[in-house]
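S.K.: The structure follows.
Each reported figure results from applying straightforward, stated rules to the coordinates on display, with no laboratory input. Computed from a predicted structure; not experimentally measured. In this analysis, Cβ positions are derived from the backbone assuming ideal geometry, glycine residues included, and neighbour counts consider all displayed protein chains.
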Amino acid sequence: MNFPILSVITFTPLVGAVLVLLIPRKNEDAIRRLSIIVSFVPLILAFIVYATVWRNPGEMHFVEEYHWIPTLDVYYRMGVDGISAPMVLLTALLSTLSFFYSAFTIKDRVKEYYFLFLLLEMGMFGVFVSLDFIFFYVFWEIGLVPMYLLIGVWGGERRIYAAIKFFLYTLAGSVAMLLAILGVYFQTGTFSILEAAAAHPFAGNFPLAALAFWGFFLGFAIKVPSFPFHTWLPDAHTEAPTCGSVILAGVLLKLGAYGFIRIVLPMFPQVFSWYAYNVPIIPILAVISIVYGALVCMAQWDLKRLIAYSSVSHMGYVMLGLSAAAASLVQRGDPEGLLTSAVMALNGASLQMFTHGIITGGLFFLVGIIYERAHTRDLKAFGGLASKVPYYYGIMMVTGFASLGLPGLAGFWSELFVFRGTFYIIPIFACIGVAGVVFTAAYILWKIVQYVFLGEFDQAKWDQATHHAKLTDMTWWEKVTMWPLVAVMVLVGFYPTIVVALLNGANTALLKGL
Amino acid sequence: MLLPQLLLVLGAFVVFGADLIWRDRNWLPYLALLGLAVALGATLYLLLGVDLPGEPILGGMLAVDSFALFFQIVAVLTGGLVILSAVDYMQERTPYRAEFYSLLLIACLAITLVAAGTDLVMIYIAIELLSITSYILTGYLREDRKSTEAAIKYFLYGAMASAAMLYGMSLLYGVTGATSLGAIAASLGAADASLRWLVFPALVFVLAGFGFKIAAVPFHQWSPDAYEGAPTPITAFLSVGSKAAGFAVLVRVLITALPDFRLDWVAVLSAISMATMTVGNLVALTQRNIKRMLAYSSIAHAGYILIGLVCWDLGRSAGRFTGINGVLIYLLAYLFTNLGAFVVVIAFEQATGSNRIEDYAGLARSSPALAGAMLVFLFSLTGIPGTGGFIGKLFVFGAAIQVQFYALAIVGIINSVIAAFYYLNVVRYMFFETGPGEAPALNPSPALKVTLAVTTVMTLVVGLYVQPFIELVQGAARLLSG
């Protein structure tokens, strides 16, 4: 028997959470240190997993399978391939950085904070490595609870409203998914995600397949979130504590997108392609998310809310890439070209999941950093900060440019791949979606760069808006938090293969299997 | 074969007797617990160590089958946890405690008899025994006007319901000439049946009586008032024990006596199930008293459990999500969860004298352990994975999908989302709101702490390691479907 590396990754945070419970409340520093140390275990193991999967990304690695509830056919099944390995790494990286950053910023109820955050980390890992529906579902929902409490306890002014909205929206989606899971089980006789997908449940019965498809769709689209299910997101992201927003935008949104790639696309290729090509509901929603999300960003005056809406827009690229991959299945034409483009679109979508996690995670950290000083996020209160906080300005520029897709930074490649794939398969949606890129550049340059950093610094305005807050540049811990993210943005920007090799292997295998 | 029941009677009398000769009454609850523990031992011995008789005993009155034994376990566990949670509560409120504990033991006895009854006469008597002890226990705090009011309402509704049930039973007897469930089924199955049309009204009347016990809409009106007024440990008992008894008899009567009328009762019960879930949850949304909120929530849960019964899978039991398993596992998970929630309510009431949800503000800060346990119970009631409540919902929704009753499943999940709102409302007060000033830490008594620990751990165990419990309920359900 091999070393159960995935179980260790998933459950180390749980062990850490239990240990945190045992440390006396007064001993806050010990709790912080312990959590950070514990979070390094999955981080290091995630690198090992990543390197191993690199060799053969199209297959499942480190598979573990034990009985869990034998009477119900429920197994404890885990495995990673080229799609999930980058996600595991992303989760581990953002969690460790969040723990580190929180150690300096969270002063209230430290014990509960780290306990919940560790549980959340376990839930996220669990979703990415599960290969059994019930197991998957358990982690999916377990992650919901700590995030709900994190928003509700440590959040901003409207935290209670945002927390309950987040919980109810996601719960509504997940229970719909649960029914779909049960439906698939009674059709295929297995809860194994891979076996059920291979069996193509309800293949001959379009109405039932569509019903199950929409069940999953609801669960995942609310999480992504795709227009019109996105309204929980601006509230939750804006009100959550800084690291809560980082994890929400960086990882939790990806759970939905991951569900589409891992479950919906392989399991319901016919239905998905029907709604992606013949009745193109899903690409329509995707481009609405892209364009509408970006336009709403331009109208925001709250910096955090702006970045929250930018997630709606950026996750739309993921949905667009997915739709293109699905649409390629029913299109007539050169099969070679279609497959290449479909793989390209799917690579773009899954790369966007990774890069958006890194970039938006970084942006939310940066918002948190300025909020710590100014205690306001009102764009009108800022202006001319470039001269006052040059270091912060530099980091924000890099991250912002990565977000708008500047070549040489990570965001460029995912958008390029998505549009390259989509143009070949469903060109009309690519044309509309590209407008989003322009708007993105507009709100990043105009709203963030210009309003916050450029111009003359007006001390009187600043004092009035922030009640004489002291404006200092980034501290050492803030730099330590941001540098790994900036490094990844530049690394992936110059050498995208480091991620794309994995994604490409897995996505090619996936699409060839359909 | 009747050893557990005899032990319960004995326990009740010993508690009475000890009250007369013993000055120190603080030991009475533990004596009653001892009685329950011995009864539990006897039940487990019957379940594991003895070949059970295939036929009902005592002239066809009582079945000693694994189904009955399952409910004996449920009854004894409920009784034990309720007694533990009542120790301090009753000590402060009434000097007459011996009668309280003996009556509780007799109520547990009544549950075991209800679950075992295989004859309409026996069932009626057992239900009456349970009802009458419940009325007394509800009104036990004579000085408390709410308690008295609750008992009166409970009694009036109960009397009506039991009259209707008796009428229905007499109709069944008139049609079939038999009172034993097996004989009724045989007689109804026989070809000649000019009076068969009477079975449907009989069914409706009988369901009124059973529906009263499980607090299903429209027979639920008694429960919010009774739950709010009753001493809180008794509220816990009514919401779990009494409901379990109702489901036991419902399942046994419908499946062993009226399988041929399955279409009739499935139609009636699915309507009742949807109405119960929806009404219970919608009204619970507006409650500000936590006991009333839990009362309506308990109505709603009866609706979910009914899904399992409605989706009882005739013939196609090859599937693994058979509805009856769902009913039983749901009841088991609900037992620990709901009792646990009430234990928190008791601890809070003991310390602050309040049952208002607003007053829970800041509980997470002052008593994190108590708030944490409540969190587990509330999420279990919501049906979040990792807790017993999820397993229960998984089973009943699974059963509904299996027999393709999609409408029931969809109404069920919509209701789960509605329900999340009011459960989370309590979480919101405990964790997100801060109370007025620094709330003092609550310090529950040792007995409450034990109860709390047991219920929390069991709620999580049923959620995470459910296999042994599934095997237990499969054994219990096999007999009925086979």
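S.K.: Figure the gain on full extension for B:Asp144 and B:Met1 (residue separation times 0.36 nm, minus the Cα-Cα span) and round it to one decimal in nm. Walk me through the numbers on the way to the answer.
M.R.: Numbers: separation 143, 0.36 × 143 = 51.48 nm, distance 4.13 nm.
That works out to 47.3 nm of additional length.
S.K.: I've got another one for you. What distance in nm separates the two pseudo spin-label positions at A:Val279 and A:Asp302, each 7 Å out from Cα along the beta-carbon direction?
M.R.: 3.7
S.K.: Sticking with this structure for a sec: For the range A:33-144, state what percent of all Cα-Cα pairs lands in each successive 10 Å bin, counting from 0 Å until the bin that includes the largest distance.
M.R.: The calculated distribution, bin by bin, is 14, 39, 32, 13, 2.
S.K.: To one decimal place, what Kirkwood hydrodynamic radius in Å is obtained for the range A:268-514 from all pairs of distinct Cα atoms?
M.R.: Values: mean 1/r = 0.0533 Å⁻¹.
Value: 18.8 Å, from the Cα pair sum.
S.K.: Over the Cα atoms of chain B, what is the Rg over Rh ratio if Rh follows Kirkwood? Don't jump to the answer; show the numbers that get you there.
M.R.: Values: Rg = 21.3 Å, Rh = 22.3 Å.
Dividing the radius of gyration by the Kirkwood radius yields 0.96.
S.K.: Still on this structure, please answer the following. Which order do A:Arg420, A:Arg33, B:Arg97 fall in if you start with the one that has the fewest other Cβ atoms within 10 Å?
M.R.: Details: A:Arg420 18, A:Arg33 14, B:Arg97 21.
The most exposed by this proxy come first: A:Arg33, A:Arg420, B:Arg97.
S.K.: Moving on to the next point. Assigning unit charges at the beta carbon (Lys, Arg +1; Asp, Glu -1) and nothing else, what dipole magnitude in debye, to the nearest 20, does chain B show about its Cα centre? Walk me through the numbers before you get to the answer.
M.R.: On the way: 24 positive and 25 negative charges, 109 e Å.
Approximately 520 debye in magnitude.
S.K.: Could you list B:Tyr135, B:Tyr227 in order of exposure, starting from the residue whose Cβ has the fewest other Cβ atoms within 10 Å?
M.R.: Values: B:Tyr135 19, B:Tyr227 28.
Lowest to highest Cβ neighbour count: B:Tyr135, B:Tyr227.
S.K.: Calculate the translational D of the protein assembly as shown in whole µm² s⁻¹ from Stokes-Einstein, where the hydrodynamic radius comes from the Kirkwood formula applied to all Cα pairs, the temperature is 37 °C and the viscosity 0.692 mPa s.
M.R.: Working: Rh = 30.0 Å.
Estimated via Stokes-Einstein, D reaches 110 µm²/s.
S.K.: Kindly state, to the nearest 0.05, the FRET efficiency for B:Arg196 paired with A:Ser387, given R0 = 60 Å and r defined as their beta-carbon distance. Walk me through the numbers on the way to the answer.
M.R.: On the way: r = 93 Å, r/R0 = 1.55.
Rounded to the nearest 0.05, the efficiency is 0.05.
S.K.: Give the relative contact order (percent, whole number) for the range A:339-455; include only Cα pairs under 8 Å separated by 6+ residues.
M.R.: Details: 119 pairs, mean separation 50.5, N = 117.
Answer for the range A:339-455 is 43 percent.
S.K.: Right, another one. Please report the relative contact order for chain A, taking Cα pairs under 8 Å with a sequence separation of at least 6, and give it as a percent rounded to a whole number. Don't jump to the answer; show the numbers that get you there.
M.R.: Working: 921 pairs, mean separation 79.1, N = 514.
Once divided by the residue count of chain A, the mean separation gives 15 percent.
S.K.: In addition: For a footprinting-style exposure proxy, rank A:His467, A:His237, B:His220, A:His61 by other Cβ within 10 Å, fewest first. Can you show the working numbers first?
M.R.: Values: A:His467 10, A:His237 29, B:His220 25, A:His61 19.
Going from sparsest to densest Cβ surroundings: A:His467, A:His61, B:His220, A:His237.
S.K.: OK, next. Averaged across orientations, what area in nm² does the convex hull of the alpha carbons in the range B:407-469 project?
M.R.: Values: hull surface 28.4 nm².
Projected area, direction-averaged: 7.1 nm².
S.K.: What aspartates and glutamates could a cross-link reach from B:Lys291, if we take a straight Cα to Cα line under 19 Å and drop same-chain neighbours fewer than 8 places away?
M.R.: Those aspartates and glutamates meeting the cut-off are B:Asp88, B:Asp144, B:Glu149, B:Asp225, B:Glu228, B:Glu349, B:Glu358, B:Asp359.
S.K.: I've got another one for you. From the C-alpha gyration tensor of the range A:452-506, pull out the three semi-axes of the equivalent ellipsoid (sqrt of 5λ each), sorted largest to smallest, in whole Å.
M.R.: Working: eigenvalues 315, 36, 17 Å².
Taking √(5λ) for each eigenvalue gives 40, 13, 9 Å, largest first.
S.K.: Please turn the phi angles of the range B:284-301 into ³J(HN,Hα) values with the Karplus equation 6.51 cos²θ - 1.76 cosθ + 1.60 (θ = phi - 60°), one per residue in order, whole Hz, x for glycine and proline.
M.R.: 4, 4, 9, 6, 10, 9, 5, 5, 5, 4, 5, 5, 5, 4, 5, 4, 4, 5
S.K.: Any idea what the alpha-carbon Rg over 2.2 N^0.38 Å comes to for the range A:322-404?
M.R.: Details: Rg = 19.8 Å, N = 83, 2.2 N^0.38 = 11.8 Å.
My calculation over the Cα atoms of the range A:322-404 gives 1.68.
S.K.: Using Cα pairs under 8 angstrom and six or more residues apart, how large is the relative contact order of chain B, in percent? Can you show the working numbers first?
M.R.: Numbers: 806 pairs, mean separation 73.1, N = 482.
It comes to 15 percent, rounded to a whole number.
S.K.: Provide the gained length on full extension for the span A:Tyr66 to A:Gln450, in nm with one decimal, where the gain is 0.36 nm per separating residue minus the Cα-Cα distance. Don't skip to the answer; put the middle values down first.
M.R.: Details: separation 384, 0.36 × 384 = 138.24 nm, distance 5.59 nm.
Additional length available on full extension: 132.7 nm.
S.K.: Using only the alpha-carbon atoms, what does the range A:215-341 span along each of its principal axes? Please give whole angstrom values in decreasing order.
M.R.: So the extents along the principal axes, rounded to whole Å, are 47, 26, 24.
S.K.: At a temperature of 20 °C and a viscosity of 1.002 mPa s, determine how fast the range B:170-276 diffuses translationally according to Stokes-Einstein, using the Kirkwood radius over alpha-carbon pairs as Rh; express D in µm²/s, rounded to the nearest whole number. Please report the intermediate quantities before stating the final value.
M.R.: Working: Rh = 14.9 Å.
D, rounded to a whole number, is 144 µm²/s.
S.K.: If I model a spin label as a point 7 Å beyond the Cα along the Cα-Cβ vector, how far apart are those points for A:Asp463 and B:Trp27 in nm?
M.R.: 7.9
S.K.: If you average the alpha carbon positions of the range A:247-262 and of the range B:388-410, how far apart do those two centres end up, in angstrom?
M.R.: Between the Cα centre of the range A:247-262 and that of the range B:388-410, the gap is 27 Å.
S.K.: For the range A:438-446, in order, what is each residue's ³J(HN,Hα) by Karplus, 6.51 cos²θ - 1.76 cosθ + 1.60 with θ = phi - 60°, in whole Hz (x at glycine and Pro)?
M.R.: 3J(HN,Hα) across the range A:438-446, in whole Hz: 5, 4, 4, 4, 5, 6, 5, 6, 6.
S.K.: For a label point 7 angstrom out from the Cα of A:Val490 toward its Cβ, which stretches of the range A:333-369 have the backbone nitrogen within less than 20 Å?
M.R.: A:355-366
S.K.: With a ≥ b ≥ c taken as the square roots of the eigenvalues of the C-alpha gyration tensor of chain A, please select rounded if a/c is under 1.5 and otherwise prolate if a/b is larger than b/c or oblate if it is not?
M.R.: Details: a/c = 1.76, a/b = 1.28, b/c = 1.38.
Oblate is the answer for chain A, as a/c is 1.5 or above yet b/c matches or exceeds a/b.
S.K.: May I pose another question? In straight Cα distance, which lysines are under 16 Å from B:Lys213, not counting same-chain residues fewer than 8 positions off?
M.R.: B:Lys153, B:Lys243
S.K.: Same structure again: Go from 0 up to the bin containing the longest alpha carbon distance in the range A:58-209, width 10 Å each, and give me the % of pairs per bin.
M.R.: Each 10 Å bin holds this share of Cα pairs: 10, 31, 33, 19, 7, 1.
S.K.: If you don't mind, another one. For the range B:300-450, what does the alpha-carbon gyration tensor say about shape, rounded, prolate or oblate, given a ≥ b ≥ c as the root eigenvalues, a/c under 1.5 as rounded, and a/b over b/c as prolate?
M.R.: Numbers: a/c = 3.50, a/b = 2.34, b/c = 1.50.
Prolate is the answer for the range B:300-450, as a/c is 1.5 or above and a/b outweighs b/c.
S.K.: Provide, for chain A, the number of lysine pairs with alpha carbons under 16 Å apart, each pair being eight or more places apart or on different chains.
M.R.: Eligible lysine pairs with Cα atoms under 16 Å apart amount to 11.
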